[in-house]
1. Could you tell me whether any residue of the range B:11-19 is in contact (Cβ under 8 Å) with a residue 12 or more places away in the chain, assigned to a helix (DSSP H, G or I), more than 27 Å from residue B:236 (Cβ to Cβ) and assigned by TED's automatic domain parsing to the domain that holds residue B:79?
2. Could you tell me which numbered condition residue A:189 fails, if it satisfies all but one of (1) closer than 24 Å to residue B:149 by Cβ; (2) not assigned by TED's automatic domain parsing to the domain that holds residue A:73?
3. Every residue in the range A:259-272 that is part of a helix (DSSP H, G or I), farther than 13 Å from residue D:270 by Cβ and within 7 Å of another protein chain (Cβ to nearest Cβ), please.
4. Check off (1) in contact (Cβ under 8 Å) with a residue 40 or more places away in the chain; (2) in a loop (DSSP other than H, G, I, E, B); (3) within 17 Å of the chain's Cα centre (by Cα) for residue C:145 and give me the number that stays unchecked.
5. Would you pick out the residues in the range D:84-127 that are over 19 Å from the mean Cα position of the chain (by Cα) and surrounded by 18 or more Cβ atoms within 10 Å (Cβ to Cβ)?
6. Is the range B:164-184 home to any residue that is touching a residue at least 24 places away in the same chain (Cβ under 8 Å) and over 26 Å from residue A:203 (Cα atoms)?
7. Assess whether residue C:180 counts as being within 27 Å of residue A:272 (Cβ to Cβ) and not assigned by TED's automatic domain parsing to the domain that holds residue C:17.
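The values are calculated or read from the model by the stated rules, or taken from the named source; none is laboratory data. Computed from a predicted model, the values in this text were never measured in an experiment. Cβ sites come from the backbone with ideal geometry, for glycine too, and all protein chains shown count toward neighbours.
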């Protein structure tokens, strides 16, 4: 089938390649003309035969918003827009309504896979009406990993991004779990080969996982991670996961702790710990470290 | 080779079977004579040719302590005792010293595998002097999973149980990660098929793992876990992990949150939340729920 | 001076009384005509001489929104609206803009005091332009506690509610601190009189505080809080505090833990702990508690 | 009455002064002869008329252990030893037994007050048999703050240090509460005068407390705490509080978060966050910060 694909960056470019390998036709658009197959969204739409499927793969927020609005003007009733970016699930409802007013369908799709997706396939979680999902299905099948798993129609509009968001929240806490365990092993006097302990865990344990494999890969490159700073960004989904939990009054202690650990990792000095130091000094005459 | 194995319960019994399948001779002892190959520790020791290797697989604490003390009297210089139970790593040092005074070697070994170990092999983490480990190596090789991973000489005496303890701490937080994510998905209005979302994650995602596979198995048996109470024991290693972290001044927020969630799950009512309710009532006249 | 006061519930009614005791004239409006001095907002506005100050003390969200919109139609340039309810600080900006378009000033004011406010005064945190604050100052002075503390011009529009929100976040964690300590003391075998320990802390300690005094009051009425359920509502500000922290990438582990403890307290059974139980059963054959 | 006081450092020296001001006789001993009234423990014991009360105020652990052992040899049946240091409550049982074998009584006493104690009095929490407490009562009365609060017979041997330990745990979380709130206020664009917000909270709020007063004092000296590093020691009691909670299966999320925040504050770089950075780089090609 034919697909219009908007956004040909690191993710979008690889996805175009994987979809083409599956035998589909992809007309790609990107602001960078060196990457693009069409010179404009207008041209991209013109090049596709209806009913069209157009996959948006641009940064969440303003860029996605502008693209959806432009597509609402350019597309025709019966076409479908897929938002495969990292949009917040709450944005999906508005986008679906905007497009529905023009008779255009909307499917939101959370995509996981990173740099491994081109070869191994992308995990896909999508939400929307069955009739719209059906039109995109061949593309989902091309992108997903081989085998019986890796893609799911998770529910209504928003469900795809919601599921992907929760996936990332879980990922935060799993990473934190390995990170905490690794730090504790490194602090032990008895354990003399932490890397080999991690390596051994790859078989026969309860914690065997792809993240563990990646940890071993990382330690093979830098046994004590001496080359790195303990500094971690967060990508939005972790924050939204906690906010969704607050909305639903669901306690998320481990995921939230993982998010806060990232926040703290980016502070050169901790304002709150200055206050702790100041209070200890006030009541106990405890020595403080001055700058 | 020959192995003396003390403790033939759920774990020990299956381990005897796996070792025998590998062609070794196991003389087993258990307080339950129906399970035992020897009528007493004395007889077990007599039946083994020296230098002997005796594997202790009894409950941590008093039972292990008593068994090690009895073996110190029964065994000979050059023999080796392996503690494969869930002992605290701090006990290992004392056991090694007690046995070393008699010329007997000591190796501590953390064993992971649960009900899956007999068929899939047991993950093993062991600590002790190389000369003692060498004598046990054929048994380790019989117990471990096939393939290149699954066993490790983690370091000095205590390192095996320390590594296993940290493994369990990581396991706590990974389980908590999936549990939090599952609860949040179940709370969502948009996501209509949480089980299928979990199932799909088994390929192509960052969080693919054996625990995820087990979660899918559990959900296949009981889609919303309606048959279960939200009640979870903890087994000791989680507590020790936090205590070890405190000893080393290592922050473990996610693992500790996971432990505390288990504590709270076992309370019929929360005393601390009674105090919160009482305080809210005091300053704000907020309604409280009385019994 | 004259004040229009909208909302004469538990808080508003007491505030009217305290303002009147200070010698000011209050025209109150409430949907309940038994409480009201004016039959409508229209009448309330008519009864006040300009430039008017109208204090809104109705539930945050839709009710406050509707009231502000109605006042925007009824009031005149030079008048000032104060929002003294528990509005989210993000709403204040919109309200200020809506009113500014009509030449009407806006001040947001967080009010603390609960059932003690009438006699002891209300702590006030307000935000807005100095020229608008100036017009409300006599009312602030009437409401605040005696002495040099208890009211503050915290900053721009929104600063009052932001400061009040943070106050409540701190309050959550302080309450949680006492609650955790109390539960631990109650669990001790050695400590035989927990209530007297709390009582003694009211002098000479680092933790002496009004909340401690309230805890002692509560324990005097019900020594082990046997009459209460461990069940605590949360009022919105705690959630907003965490969301504000996420917006600013500020780690708030203790405040967030306090919020999550309240969420958990309201669950009859914990879905996430069902998943923990299910996973333990899957890999270890651990007994689970079935319903 | 007469008191023997061992340890005349910052705390002990001020306590001697406060006890003397109350009209009692204090014979003090310290390793530093410039501070001491007696040249040795032997001389101190000789100078006191029986039945003697000897207050030990030396560092917890080895120093207290050695002192108690020496006193067990020097004192007579009917004498009482008070351990007023920061001993772990679990040590108290052993000390009481050691002394009881010689007919000597033992009382453990947690002391709070810091640099303010000399003038304001020390909060005292003590544990032990009523007959031993009775002999020390005049000293407790001299040390405690004026008024009806500030001292408590908390229970059996160990109860005093247990109560003091929990006090410090609560203190950790209260300090953390103010610290988190302060950091969030400082991060706000709307709130322009955080110090004045803190100052205002000293009256009329739910969070008014001595710690808040101290925070204002600290901010008056250094408005944004620019002179301090965000670095905080922990003193032992916080760790013991968490360990006691683990022993009793009591969840302490806020107190533990406060302890972990201090651990993290003392790390130049976070090993666990290096692992997070490494994993993000592995699966996503995310940029990492190298040293």
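1. The answer is no, given that none of the residues of the range B:11-19 is in contact (Cβ under 8 Å) with a residue 12 or more places away in the chain, assigned to a helix (DSSP H, G or I), more than 27 Å from residue B:236 (Cβ to Cβ) and assigned by TED's automatic domain parsing to the domain that holds residue B:79.
2. Status for residue A:189: all satisfied but (1).
3. Kept after step one, since they are part of a helix (DSSP H, G or I), are these residues of the range A:259-272: A:259-265, A:271-272.
Now restrict to residues that are farther than 13 Å from residue D:270 by Cβ: A:259, A:271-272.
Result: A:271, A:272.
4. It is condition (1) that residue C:145 fails.
5. D:95, D:96, D:99, D:104, D:105, D:106, listed by residue number.
6. No, there is no match, as no residue in the range B:164-184 is touching a residue at least 24 places away in the same chain (Cβ under 8 Å) and over 26 Å from residue A:203 (Cα atoms).
7. yes
The rows are residues; the columns are (1) modelled with pLDDT of 95 or more; (2) in contact with a helix residue (DSSP H, G or I) (Cβ under 9 Å, 6 or more places away or on another chain); (3) farther than 22 Å from residue B:121 by Cα.
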{"site": "B:54", "(1), (2), (3)": "yes, yes, no"}
{"site": "B:69", "(1), (2), (3)": "yes, yes, yes"}
{"site": "B:72", "(1), (2), (3)": "yes, yes, yes"}
{"site": "B:79", "(1), (2), (3)": "yes, yes, yes"}
{"site": "B:87", "(1), (2), (3)": "yes, yes, no"}
{"site": "B:93", "(1), (2), (3)": "yes, no, yes"}
